[in-house]
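One structure below.
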Amino acid sequence: MAETTALDALPSLHETVRIHGLRADKSLGQHFLLDLDLTRSIARLARPLDGVNVVEVGPGPGGLTRALILEGAQSVLAVEMDDRFLPLLDDIARASGKLSVHHGDALRLDMAQALHAPRKIVANLPYNVGTKMLVNWVTAKPLFWEQMVLMFQLEVAERVCAQPGESAYGRLSVLCQSVGECRIAMNIPARLFTPPPKVDSAVLVIDPLDTPFEDLKALGELTQAAFGQRRKMLRASLKPYAKRKGVELADWFAAASVDPQARPETLSVSQFQRLCRSAHPA
Ligand code: SAM
């Protein structure tokens, strides 16, 4: 492939960082992956990439960006806040003809507008705002992505995939599992990053369900009320919520076939969805 040869001619990632004198900025959650074999294994998790438009949040020095292009993405839109990376991203854009760069905050970008379907989001996310971005993408209506392949702190990835009864199970698990099949596809030890963060990371893959839950906003409100007081029985923690919604507590739980004495971490995702539907009849 022409872009393979042209990208191969670029300096290595380590060399690129050295030439441009780049140091990680902690305030932007910067931890880089400078091993192209590793970034290619991450990019391969998003295959097939033919005909797919990828949005990559936080390309930094471009290790994952190069890998996505080498693995055959039709186009990559890289969204980066730190202008120090723009010249070296321009080099990748020129060499490949497949990269465009948006300089700005990914939280403010309308991705559905910015690129055509089919879209995949692939990113080594900044630690400080990664969870907020994920919640935005799973609660988007309609879902605008065909797949997400995202690197997080291991602890966040575990919260997303946790099952009822596990200590990591919570609001993030219920929201993410209500729209997609979630799995941890790869563990990345902290030492593989430059500079190494304090904790290990994991790559999370989320594939949308055929029928995602219809009202993530309402489910978000319900799970916030339930998990906000994790130790309490639902009949106590959800009392103010029921009042706000104008539903009678006992009837509401009976209609959803949920035990009002249960604690939130024991409820399945579908039980939360039933409670949500009963409080918000269509
Ligand atoms: N993808 C690169 C890699 O794997 O080596 C860098 C990953 S680093 C963990 C996160 C990147 O996100 C940094 O380049 C940082 O500047 C960028 N970033 C931080 N906050 C951002 C935001 N709100 N929007 C876009 N990029 C952001």
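Criterion first (under 22 Å from the mean Cα position of the chain (by Cα), open to solvent by less than 50 Å² (accessible area, probe 1.4 Å) and hydroxyl-bearing (Ser, Thr, Tyr)) does residue 39 satisfy it? Full working, then the answer.
Values: under 22 Å from the mean Cα position of the chain (by Cα): yes; open to solvent by less than 50 Å² (accessible area, probe 1.4 Å): yes; hydroxyl-bearing (Ser, Thr, Tyr): yes.
Against the criterion (under 22 Å from the mean Cα position of the chain (by Cα), open to solvent by less than 50 Å² (accessible area, probe 1.4 Å) and hydroxyl-bearing (Ser, Thr, Tyr)), residue 39 qualifies.
Kindly check whether there is at least one residue in the range 217-239 that is modelled with pLDDT of 95 or more, of a type in the set (Ser, Thr, Tyr) and touching a strand residue (DSSP E or B) at 6+ places or on another chain (Cβ under 9 Å).
no
Name the pairs: first residue in the range 114-143 and under 24 Å from residue 66 (Cβ atoms), second residue away from the ligand (no atom under 16 Å from the Cβ) and of a type in the set (A, V, I, L, M), Cβ to Cβ under 7 Å, at least 6 apart or on different chains?
Filtered contacts from the range 114-143: 118/52; 120/52.
Of all residues being more than 16 Å from the ligand (Cβ to nearest atom) and part of a strand (DSSP E or B) in the range 127-184, which is nearest to residue 52 (Cα to Cα)? Just the residue, please.
147
Scan (1) open to solvent by 60 Å² or more (accessible area, probe 1.4 Å); (2) assigned to a helix (DSSP H, G or I); (3) in contact (Cβ under 8 Å) with a residue 12 or more places away in the chain for the single condition residue 47 breaks and write down its number.
(2)
Here is a yes/no grid of residues against (1) among the polar types (S, T, N, Q); (2) assigned by TED's automatic domain parsing to the domain that holds residue 127; (3) away from the ligand (no atom under 11 Å from the Cβ); (4) in contact with an Asp or Glu (Cβ under 8 Å, 6 or more places away or on another chain):
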position: 8; (1), (2), (3), (4): no, yes, yes, no
position: 11; (1), (2), (3), (4): no, yes, yes, no
position: 20; (1), (2), (3), (4): no, yes, yes, no
position: 51; (1), (2), (3), (4): no, yes, yes, no
position: 62; (1), (2), (3), (4): no, yes, no, no
position: 65; (1), (2), (3), (4): yes, yes, no, yes
position: 68; (1), (2), (3), (4): no, yes, no, yes
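Considering only residues of the range 103-126 that are assigned to a loop (DSSP other than H, G, I, E, B) and away from the ligand (no atom under 13 Å from the Cβ), which is surrounded by the most Cβ atoms within 10 Å (Cβ to Cβ)?
Narrowing the range 103-126 to residues assigned to a loop (DSSP other than H, G, I, E, B): 104-105, 109-110, 115-118, 125-126.
Still in the list and also away from the ligand (no atom under 13 Å from the Cβ): 110, 115-118.
Working: 110: 8, 115: 19, 116: 10, 117: 10, 118: 16.
Filtering first and then ranking leaves 115.
Given the conditions (1) small (Gly, Ala, Ser); (2) at positive phi; (3) out of contact with any Phe, Trp or Tyr (no Cβ under 8 Å at 6 or more places or on another chain), which single one is not true for residue 60?
All conditions pass for residue 60, except number (3).
Might you let me know whether the range 25-44 holds any residue that is out of contact with any helix residue (DSSP H, G or I) (no Cβ under 8 Å at 6 or more places or on another chain), within 10 Å of the ligand (Cβ to nearest atom), part of a helix (DSSP H, G or I) and not aliphatic (A, V, I, L, M)?
yes
Looking at 66, 108, 84, which one is touching a helix residue (DSSP H, G or I) at 6+ places or on another chain (Cβ under 7 Å) and among the charged types (D, E, K, R)? Even if it seems obvious, please write down each step before you answer.
Values: 108 fails: touching a helix residue (DSSP H, G or I) at 6+ places or on another chain (Cβ under 7 Å); 84 fails: touching a helix residue (DSSP H, G or I) at 6+ places or on another chain (Cβ under 7 Å).
Checking each option against the conditions leaves just 66.
The values are calculated or read from the model by the stated rules, or taken from the named source; none is laboratory data. Since the model is a prediction, treat every value here as computed from it, not as a measurement. Virtual Cβ from ideal backbone geometry, glycine too; neighbours counted across all protein chains shown. Accessible surface areas use protein heavy atoms only, side chains included; no ligands, DNA or RNA. Shrake-Rupley method; radii C 1.70, N 1.55, O 1.52, S 1.80 Å.
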